[in-house]
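Presented below is the structure to which this report refers.
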C-alpha cells in the first residue's frame, strides 16, 4: 500500500532537495509510492509501454524509491483502490494519467515542485497542465511541440557501419561536451552550470551501462545516440548527434539504421522524440524507418 500524501524531502545528487507540501483534494488523495508498490506500478505502466518507457526505465534501473530518479513517484487511485495514475514529480515531471480526474489530482503537486526542469508528455495532458500552472504563475520559458516516433522494423539493404559501438569511459569528456552543447541549443540552459556534478555522473553512468553508442573517426565522435530507458518491449533513445563536419554524407542514416538493427534484436520497438519544426531530423528518422506515433509537448522551466 502507499503511504500518506505528505511527500518528504528527497536528496538528489547535484540538485536541491525536493519537498512538496500536502495538498487537499476533493477526491481521493495522491499518495507517495513506496518500494512495496513496485510490482503493482510496473503492471499499471505496462498497458502503454511506449508512453511509459521513461518511467519504467527509471524503476527498472533504480527502483521505485531512489535519489537517482531525481524526484518522487506518486499515485492516484480510484474509489475501488485501483491505480488510475502514476507520476514522477521532480526535475523531470512525467505523468501517466488514465483519466481526467487523475491528471487534475496531480496538478497541485506539479505546481508545488520547487525546482522543475521540464514537463513532458502527450500534447493534450501537458497543455491542460500548462493552463493550471499559468494560473499559479508557473510559466515555462520554452515550449516545444514534438512528435513521438517509433521504429518497429529494420530498414533492409543498408550498408553496415563498422565501428559503431558502445562508448568507453575514455570517451566521456567528448560525450559530456556534445550533450552539453545539445542541451544548451535546445533549452538555453547549460547543464554544467545548473547541475555539473549530477550531469557528469548521469552521463558516465550511462556509458558504464553500455547505453551510449558512438562512431569515432580519428579520435572524434562522428555519431552519438543515448539509450535512456530499455525494456523488452521498448527502447527510448535521445541525444542523437552527427558531427557538423560529417553531415550530408549519409553517416546519420547509416548509423541510425545500424543502431536500430542492434536494438531491435533485443526489443520490439525503438522510440524517440523530435521537434515538429525540425523537418531535416524528421526526414532522417523517417528514412531510417521511424513512424509517427503521437503528438508530444515538452515545457522547459528555468
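FYI, it's all coordinate maths here, none of it is from the lab. As the structure is a prediction and not an experimental result, all values here were calculated from the model.
Data table
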read-out	value
Over the stretch 183-232 - Rg/Rh using Cα atoms and the Kirkwood inverse-distance radius	1.02
Of every Cα-Cα pair in the stretch 103-178, the percent that sits beyond 20 Å	59
Rounded Å value of the spacing that divides the Cα centres of the stretch 166-182 and the stretch 226-302	18
With Cα atoms, 0 to 90° folded angle of helix 123-135 axis to the chain main axis	50
MRE, 222 nm, helices only [DSSP H, n ≥ 4, -39500 (n - 2.57), over the chain, to nearest 500]	-10500 deg cm²/dmol
Normalised contact order of the chain, rounded percent, pairs of Cα under 8 Å and 6 or more residues apart	21
Spatial separation of Cα centroids for the stretch 41-56 and the stretch 133-161, in angstrom	17
Cα point-scatterer Debye curve for the stretch 151-296, base-10 log of I(q)/I(0) at q = 0.14, 0.18 Å⁻¹	-0.67, -1.15
The stretch 151-296, relative contact order [Cα under 8 Å, separation at least 6], %	28
Volume per residue of the C-alpha convex hull in the stretch 217-294, rounded to whole Å³	101
Sorted largest first, extent of the chain alpha carbons per principal axis (Å)	59, 38, 35
